[in-house]
Structure formats: structure tokens, C-alpha cells
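Only the coordinates and a few stated rules stand behind these numbers; no lab work does. Please read all numbers here as calculations on a predicted model, not as lab measurements. Virtual Cβ from ideal backbone geometry, glycine too; neighbours counted across all protein chains shown.
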2 protein chains.
Amino acid sequence: MTQDTHVPPPRRPLTLRDVSEASGVSEMTVSRVLRNRGDVSSATRDKVLAAAKRLGYVPNKIAGALASQRVNLVAVIIPSLSNLVFPEVMDGIVSVLEDTGLQPVLGVTHYRPDREEQVLYEMLSWRPSGVIVAGLEHTGPSRAMLQSAGIPIVEIMDADGEPIDAMVGISHRRAGRMMAQAIVDAGYRRIGFMGTKMPLDHRARKRFEGFTEALAKAGMEVAGRSFYEGGSGLSKGREMTADMLNTVPDLDFLYYSSDMIAAGGLLELAERGVEIPGEIGLAGFNGLPLLNGLPRRIATMDACRREIGEAAAQIIARRAGGAPASAEDRVVMTPKLDPGETLLR
Amino acid sequence: MTQDTHVPPPRRPLTLRDVSEASGVSEMTVSRVLRNRGDVSSATRDKVLAAAKRLGYVPNKIAGALASQRVNLVAVIIPSLSNLVFPEVMDGIVSVLEDTGLQPVLGVTHYRPDREEQVLYEMLSWRPSGVIVAGLEHTGPSRAMLQSAGIPIVEIMDADGEPIDAMVGISHRRAGRMMAQAIVDAGYRRIGFMGTKMPLDHRARKRFEGFTEALAKAGMEVAGRSFYEGGSGLSKGREMTADMLNTVPDLDFLYYSSDMIAAGGLLELAERGVEIPGEIGLAGFNGLPLLNGLPRRIATMDACRREIGEAAAQIIARRAGGAPASAEDRVVMTPKLDPGETLLR
DNA sequence: GTGAAAGCGCTAACAC
DNA sequence: GTGTTAGCGCTTTCAC
């Protein structure tokens, strides 16, 4: 019937109608075949699939979504990509979503609430099946949008606060307290803190608050603190550590807001011939397995990054599949303290 | 007129019609206001904006896209998120897209061509404004889809091959050759190579091919090689280096497929008291600034990751803005060799 | 400067 | 098992 098998690249994108005409099957049935919906005889099914393949037909999900009111997109909103942590969370999200037919749309806020609001608006206008957003702090309009969106909202990475809907994270305040407690228990007394400037990084702030709070309970406070901006590399850790040691005398412990700068600190101390943890102990945050292999395993706390991404995606997938909101949708994970070899002496 | 300012959360998502009724302005004009298109008197404009805000209206891009045949999504397809390199490229992409109103949809292939094909099909069905895809190697059906999609396609991170449309990357073969040449020139003779298993990582393969090819030209070949699977952390570098040193005698240089495992190697050598580069030199790949701060700056080659992402996104943005395909859309970047402190002696 | 009609490419619902 | 009809929520086009 169709005499030429050579199909020139179409100038106009193909539609169901094209496949319908090429196969002699109604649009509706073609649609059914392509979506594996309803009963279709294997004879027509084969005809349709052959035609679709020959033409190189790719369905139009825009039209499909409009008609069916179903969208397989999931909005994922994170503060940054340059901090190692977020790609790991994304990885967890992606690994779960890819088995469900859902696709992540990515938005990056650079820790700015106004950007978050804007990104959220953009994303919600795609009527996604769900939203995964980092943090519990949002502008008023953002909260309003999330609340009235009528789709599952999962706030991740933080558990210190009331979620709008679902939540998966750790308590950073608690993480800070746990680490402080461990440091105090190990007998350290003069502690220096180094971390990012955190006007808008609420998780870092909460960790630090928890940390100082637990120290206070033990009748102590940090002997020195310094905050940096920009990338967190080893060299940043070295510089800050050098500064700290030169500025604040008699420190016996250094607490860093990330493993990467802690690793820099470790290298700096090692080069200075400081005995670790004999003279000075140290700890970071995040549990980056990447960094095992350093002269000493750094004390750290696992932030459950991948697991958080996975759990969040699972909640979205469940709800998108029709499951009702449930208590299981609020997951507070417990960060694990790993004393490594730089804390206990 | 509208007596209540309290707006209960709607059960049904709001439509233009709702805003139209609430403001007493036709749907068409509401649409114009919300898109900043055409001339609208500032009186009506204000009425409309007030109503939209009060109701919490979020436009429906699905319907908009179907009607206008314009979609602000860009498909981004990468092999993995767990390799540091890809988040960096993503970061470059995102940083450019966010100023253009385009949004990335993310697909991860895990280096599997069949996954790429599937992901591509999914993504193209959203009729995105463009595709950014890692690598030049694709299955037949993938190529066919890309070719007939009628949208800008930017293949990134590799320049050894013919792109379907646009291309931004470096020649990994050349990068391998350059490093080999530098190593030979520095007088090393017994070289060990350590890298990932690369049945499907074409860039790693090409780099290695270029490397051995240039060695061959100098009448040499690698004295030892080993390949690993799984995550690339410092400890992996240490283990592999230990194995290599124990297995292959008299090595005077170690070439690693990534900076992270090279860093592990550096730490292993340092611990063994090996003089670097006096006794053994080493080099990695990627130019991770994260790792500056190690006892020695590792010789490496910058893969221009962020720049590649930025350039790719710029091409998409230009073309989405109506610019025609041009010669500028094929960008071959030159990896910069950084000898650090572990190559020249 | 504003509005009315038509239709984007699909799928839900129902008829056969 | 297959086809027909209506309509998803916008934007395009054209009329005023």
C-alpha cells in the first residue's frame, strides 16, 4: 500500500493523525496503542507500531497532558549545584524517578528566597505532579503557591520546622548539638568554628545554633569563629585554618561546616606537624565518602543526602500513583556521627 | 464590587476565565497582560494584575505551549550525576538558562545507550526548545530522533567526531596525547595508567587512546594499567596506586583518569615517603580546583566543564531566540595542561 | 486598546 | 475491539 519506505524528515512535527492515516487505524486507537491502554487486537497494534516507527513519530505530551490533566514532570528546587551535597540529593531523586516515568525539572535558587518564588511560579505553571524543594523557609507568596497547588509538596534536607505537606530531612539543630556533645565529651575545651557565611543557608545556621546551644549547656562557648564566602575547596580549609590558628591561641578542636574544608584543615595541621587528635581534634559535616583516604579519617556526620532524595522521590511517586497523604510522608532521618580518627583521644 | 478579599483555596486550578471574571476583562486581554504582549491600557492592566494576584492565579503553560507551539523547556541529557564533572556542566547550563526564561529538564543515562534512547524519546515528547546531550555517540534511533526533531541539538564534552548539529567540547584524544607528550618530554619512561573501566565512557576511552598513541610515537608504551569500577574517591586512588606499585616494578610516573584518584595516589605516595616528582611523577585529569591545597598541586588538564555548559546553553538560547544555525555553533575548546608540581622535575 | 472565534494535538467518555 | 464527539486552557488571528 505505502510504496515508499524512505521517509523524508518532516518539516512539520508528526501528529497522531499522520500515524492514523499511515496505518489506516483511527486516531483514538493509535493513541491507545501508543499508551498501552485498553484492549487492542495485536493485529492493529502491530500495524500502528510499525507505522509509528517508520514515520519516527514522537508523541506530543503537551497535548496529552492538556487533555488528560496528567503531567509526568516533578519540580525539583535546590539552592545550588556547586555544593557537592545537592547533586547527591538529585542523584537519589533521579534514581527513584527514572523507574516511575516521572521526569525532574530543575530549578536553582542560589539561596535567594525571591529566586525561589520566581522559580516556583515558573515550575508550577507546568502543573507538575509534585514539588521537591530544599528547606522549610519560604516567602509568603511561595508558601501560598505551594499550599494551593493541589499537588504533593516535599520539603527536604531540614526537619526543624513545620512542613507544608510532606518532609524528608534531618534536624540540623540536633546535628549541631550532637557534634558539640561529642566534642565536649571527648574532653576538648577550646573550640574554633569555621563555616560558610550563612545569612540564607538556614541549615548551616541551625547547625551552628544547635552547636553553640549545646556548648552553652556545658558552660562553654566557641573560642573562635570565622565565616567564608565562595567555593569550598581544600585550599579554603587550609587558609581558614591557618588564620584561625594564628589568631586564636590554644585551640584544641576545630569544627568545620563541611568535610571538604575540614580536609583542608587536616592537611594544614599535618603539614605544621600538629598531632591529631592529640594536640588538636577536628570534625566536619556531611560524610563525604569521597574523602576517605586522607591521612586520618575525619570525624563527621552523615547528612543522609542520597537517602533524602530517594525518600522524597518515593513520596512523590506514591502520591502521583494515587496514594493519599499519610504520616509516612514526614520522614525525620537521624544523622549518624562518625568519630573517624580525629575526635576521640 | 468584589466584596470579599478572603479567597479560599480553590479545589479546581484557576484558569484565565476566573481571572477574566474576577476582573471584568476579557480572557484575551488578561492573557495579554500576563504575558506583557501588545498594548493594554494601564488601567485594565492594573485591574487584571490585582485580580490575578488576589486569586493566586498561576498560568497553565501546558495550554499555552499547545496553543503557541512554544515551549521553554530544554532537555539536558547526561550520563551520571555522581561524577563531579556533570554537576559542574549542569551548573554552567543552569547559570545561562536562568537569565533566558528557559528551564532544564534533566535526564540521566548511566552511560547506557538504550537509556539515552528512552530518555530522549521522553524528553522530545515535550517538544523542548533544544537538546543538550553529552557525547557524540548515539544509537541509530537516537540519531534519527535528534536529526528530525527540528530543534537545536548541542552535543557536549567531546569534539572527536561529527556532531548532528552544534557541538561544544574538547578533543579527549588530543588531551590524552598532550599529557603523554608532556610526560615523555619531562623524561619519564615507565608509566602506569589507572582509570575507570570504560566500555561505554567514550571520552575516557578516547583520552586513553590518545595517550597510548602519543606514547607509541615516542617508542613507548604504558608499563602497567589498571581499571576500576564504582565511585572515584581518594581511597580508590590509594588502593589502586598501592596495587600498581606492588605489581609493576620501577614505575616513574602514574597517570590517572581523574584528579580525585590522582589525589589518592599522591597521598599514598607521600605516606610511603616516595619523593614527588623526583622518584615518581603523577598527573590526573579534570582540573578540580576543589583539590588545590593538597601537599602538592597535581598536574592535570582542565576539561572546561563549566564553560562547556555555558557555551552550550548560549547556543540553545540564541537559536531559541530565532538565530540561525551558524559556524559559531561548533566550539572546540582547548584543554589547558597545568603541570602543577608533580610533573616537571 | 479590546474582544470573539477558531484551533493547537491530544484523551475522556461514550457509542457501537 | 474500535470509532466518534467534545473539550482540556490557552494563543493566534482578525474584527472592531
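Tabulated values for the structure
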item: Shape category assigned to the range B:263-345 from the gyration tensor of Cα positions, a/c cut at 1.5; result: prolate
item: For the range A:178-220 and the range B:290-333, distance of Cα centres in Å; result: 40
item: Convex hull projection area averaged over all views, the range B:25-137, Cα basis, nm²; result: 9.1
item: Ranked list, fewest to most other Cβ atoms within 10 Å of each Cβ, for A:Thr334, A:Thr15, B:Thr212; result: A:Thr334, A:Thr15, B:Thr212
item: Position B:Glu279, label points 7 Å along Cα→Cβ, spacing to each other copy in nm (shortest first, one decimal); result: 2.6
item: Inter-copy separations for B:Pro249, label at 7 Å along Cα-Cβ, nm, ascending; result: 5.7
item: Those aspartates and glutamates that a straight Cα-Cα span of less than 17 Å connects to B:Lys53, excepting residues fewer than 8 apart in one chain; result: A:Asp114, A:Glu117, A:Glu122, B:Asp4, B:Asp18, B:Glu21, B:Glu27
item: Enclosed volume per residue, in Å³, of the convex hull spanned by Cα atoms of chain A; result: 174
item: Cβ-based charge dipole, the range A:84-170, positive-most Cα from A:Leu146, A:Tyr111, A:Ile170; result: A:Leu146
item: Chain B: most fluctuating residue of B:Gly56, B:Gly92, B:Gly195 per GNM, C-alpha cutoff 10 Å; result: B:Gly56
item: Whole-percent pair-distance distribution, where bins are 10 Å wide, for the alpha carbons of the range B:57-194; result: 11, 35, 30, 15, 7, 2, 1
item: Chain B - mean residue ellipticity at 222 nm from DSSP helices (-39,500 (n - 2.57) per run, n ≥ 4, rounded to 500); result: -13000 deg cm²/dmol
item: Computed E for B:Asn246/B:Arg143 - FRET, C-beta separation, R0 45 angstrom, nearest 0.05; result: 0.50
item: For B:Gln103, distant residues with modelled amide H under 5 Å away; result: B:Leu73, B:Val74
item: Inter-label distance, nm, simple model (7 Å from Cα along the C-beta direction), A:Leu49/B:Asp185; result: 5.7
item: For residues of A:74-87, the mean tally of beta carbons on other chains within 10 Å; result: 3
item: 5 angstrom amide H check on A:Ile153, placed H, neighbours 5+ away; result: A:Val131, A:Ala166
item: Within straight-line cross-link reach of A:Lys336, aspartates and glutamates at Cα separation under 12 Å, skipping those fewer than 8 residues along the same chain; result: A:Asp302
item: Nearest beta-carbon to the B/A symmetry axis - residue in chain B, distance in Å; result: B:Pro87, 2
item: Helix B:305-320 axis, angle to chain B major axis (alpha carbon atoms, nearest 10°); result: 30
item: Which of A:Pro277, A:Ser226, A:Met240, positive extreme of dipole for the range A:172-303 (C-beta unit charges); result: A:Ser226
item: Range of Cα positions in the range B:172-303 per principal axis (Å), largest first; result: 34, 29, 26
item: Rg ratio (alpha-carbon, reference 2.2 N^0.38 Å) - the protein assembly as shown; result: 1.06
item: Fraction of alpha-carbon pairs over 20 Å apart in the range A:121-231 - percent; result: 52
item: Label geometry 7 Å along the beta-carbon vector: B:Arg115 inter-copy distances in nm; result: 2.8
item: Straight-distance crosslink candidates among aspartates and glutamates, where the alpha carbon sits under 14 Å from A:Lys236 and sequence neighbours closer than 8 are dropped; result: A:Asp259, A:Glu268
item: Point-charge dipole on Cβ atoms (K/R +1, D/E -1) for the range B:172-303, about Cα centre, debye to 20; result: 460
item: Amide proton proximity set for A:Tyr188, modelled H, under 5 Å, gap of 5+; result: none
item: Average beta-carbon neighbours from other chains, 10 Å sphere, peptide B:227-236; result: 3
